[in-house]
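Before any comments, here is the structure.
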Amino acid sequence: MHVIRLSSRGQLVLPAAMRNAHRWGPGDEFVVEEVPEGLLLLRRPRKPFPASRVDEVAGALRRLAGLPNVILEDAEQVAFAIDLASHDIDFADALHVAACREAGPLYTFDRRLIRQADVVGLSVSEPEGNGGRGQP
């Protein structure tokens with residue numbers, strides 16, 4: 001437990017060890033909430049990355065995969081997934097499709113993925129008898 005003092009300007013200084021442990025730095029924003037036990041201090045999430053075009057992200061992934069110190073378990077599979085992602089298929093979905101490519105068709109309830117895969121000629125379909133539970 002750390003004891004800190006409120007300054008005349010209403011400021012609290014958090015111990016350096018605590019700031020370092022949580023990687024808090026100047027400019028980080030916090031949310032203070034009143035809870036029954038006292039106050040709760042939460043770091044406000046940092047702003048997300050700015051919007052990027054799919055081709056920019058695909059290019060960055062290709063460059064990353066080409067670094068000499070990056071070892072991919074299946075470079076061909078990752079390259080295929082990057083190519084799929086450049087056709088506006090979610091990268092995680094593209095990895096699943098690439099991993100299942102030789103095993104046969106991929107079954108999913110994600111109708112968006114089914115439509116996107118169809119555009120690029122991949123075998124992705126909805127399982128039979130799902131009761132209409134797929135995503136629109």
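A protection proxy built from the mean count of other Cβ atoms within 10 Å ranks the segments 31-38, 105-112, most packed first, as 105-112, 31-38.
Helix 75-85 and the long axis of the chain differ in direction by around 80°, with both axes built from C-alpha atoms.
Once both labels are positioned 7 Å from their Cα atoms along Cα-to-Cβ, the gap between E37 and R62 label points is 5.1 nm. Region 33-72 gives an Rg/Rh value of 1.39, both radii derived from C-alpha positions and Rh following Kirkwood. Ranking L106, L122, H87 by how far each Cα lies toward the positive end of the dipole of the chain (charges on Cβ) leaves H87 at the top.
Per-residue ellipticity at 222 nm, computed for the chain from helices alone with -39500 (n - 2.57) per DSSP H run of at least four residues, works out to -10500 deg cm²/dmol.
Ranking request for peptides 88-96, 74-82, 48-56: highest mean number of other beta-carbon atoms within 10 Å first, then the rest in descending order. Walk me through the numbers on the way to the answer.
Details: 88-96: 17.9, 74-82: 16.1, 48-56: 8.4.
For the peptides 88-96, 74-82, 48-56, the packing ranking is 88-96, 74-82, 48-56.
A straight line joining the Cα centroids of region 104-130 and region 1-56 runs 43 Å. Measuring nothing but alpha carbons in region 54-125 and taking Rh as the Kirkwood radius, the Rg to Rh ratio lands at 0.99. Per the Debye formula on identical point scatterers at the alpha carbon atoms of the chain, with no solvent, log10 I(q)/I(0) at q = 0.13, 0.14, 0.20 Å⁻¹ is -0.77, -0.81, -1.16. Between the Cα long axis of helix 91-100 and the first principal axis of the chain there is an angle of about 40°, rounded to the nearest 10. When +1 charges are put on Lys and Arg Cβ atoms and -1 charges on Asp and Glu Cβ atoms, the dipole computed for the chain relative to its Cα centre reaches about 880 debye. Three principal axis extents of region 1-76 based on alpha-carbon atoms, in descending order, are 59, 26, 25 Å.
Throughout, read-outs are computed from the coordinates displayed, never taken from laboratory work. Values in this document were obtained by computation on a predicted structure and should not be read as measured data. Every residue, glycine as well, gets a Cβ built from its backbone with ideal geometry; the counts of neighbours run over all protein chains shown.
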